[in-house]
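Single-structure report; data block below.
What follows is calculated from the coordinates using simple rules that are stated; it is not laboratory data. Computed from a prediction, not measured in an experiment: that's the story for all the values here. We place every Cβ from the backbone using ideal geometry, glycine too, and count neighbours over all the protein chains shown.
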Amino acid sequence: MPTPNLNSKDYYAILGCTKSATDAELKKAYRKLAVKWHPDKNPDNEDATRKFQTISEAYAVLSDDKKRKMYDMYGKEGADASDNMPDGAAGGMPGGFPGGFPGGGGMPGGMHFSSSGGGMPGGMGGNMTPEQAQALFGSIFGGSDPFGGSGLFGGSMGGSGGGGGGGMPGGMNINMGGMPGMGGSMGGGGMDPFSMMFGGGGGGMPGGMNMSMGGMPGGMNFQQQQSSSRPQPKRYDAIPPRTVVSLKGLVSASERNGDQGVIKQYNPSTGRYVVVFEENNESMSVKASNLLQHVHVKIHDVKSQPELNGKRGTVISWSKERYNIHVMDLNKFVSLRPANVVLDVGVVGQICGLNSKPELNGKWGTIKNWIRESNKYDVQLSASQVIRIKVENLRV
């Protein structure tokens, strides 16, 4: 597949697809790019907003059979004019495309936009509004959560809410949470759009138990352990395999910032993670500081918006000392302080801002329990060390 070119005026090039792309390939390309450049994942970034609109406009045209046929023959003006033509007219216009067709192409769900004239600065494309782009995004992902991992690998690759520290390659990893409803990677609002990209984003089991099967991508692989095999030591300071992440802060490969993948493994000798990307199964070795975990959370004690309390959501970005959360039940985005965001049991986070024991800042640990009354976590740093810290002192 070609590389997406968001500065192109060609809709296929924008999505990184060929003219022979199937509907499924177009949708897959749109989903990946829309999640990467969604305005709420890129707060205060006007360039990301323009790119999100451009991606949405391209997909709105190419996902409509009549518009796509007219676009292939006559370009944007043809796509704009297609709504004003009777069905079947696109195939039989002799002598080329007459000029002067009115704009006003249609989008799924009866919305209309015009891609003729004007355009956005820098050759970014047409005139789809932010509201129309958001509406298209919502219609594609429906009630699912686009920000929890997508099912391109099949099987159960997408669990981002726990799963424990590491597990045994090719074996079975079972993590028991301590609080009902806190251990699963789903909750409340159905499937998660980030999670749908990696194969289901499996929900948690009752009572906070999360079971994940290791093995080969694309499905579960049970491997019988030989009696002479030594079990891998359990790690509490490493992000678990199959956690959904996005890349951030890369300098040498800045074009990959925002790309989404899943943790495959952790290399303790280098302190780096192998991340597998959703679109092509390629992998990259990156530092923990270049990862944002798209883990599931529960919203707690928001006094200004009490209707949010108890709702489940997915972390989509970190900006201005706040989490941007996609709330599944409400299909909306909210910006919350860390004290109002409760991470799931089993999530591995980094300690920060700890004044009583500053030597622990920068260390990673696994959440073992959340104490509601004090809004604190019990965090396991090693097999022999568990500490209790405020919720705001652990970040992902």
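Here are the numbers:
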item: Förster radius 30 Å - calculated FRET efficiency between residue 3 and residue 267, Cβ distance, rounded to 0.05; result: 0.60
item: Note, ³J(HN,Hα) from phi for the stretch 383-396, Karplus 6.51, -1.76, 1.60, rounded to Hz, x at Gly and Pro; result: 4, 10, 10, 10, 10, 10, 9, 5, 4, 6, 9, 10, 10, 10
item: DSSP-loop trypsin sites (Lys or Arg not before Pro) across the stretch 308-396, with at most 14 other Cβ within 10 angstrom; result: 320, 372
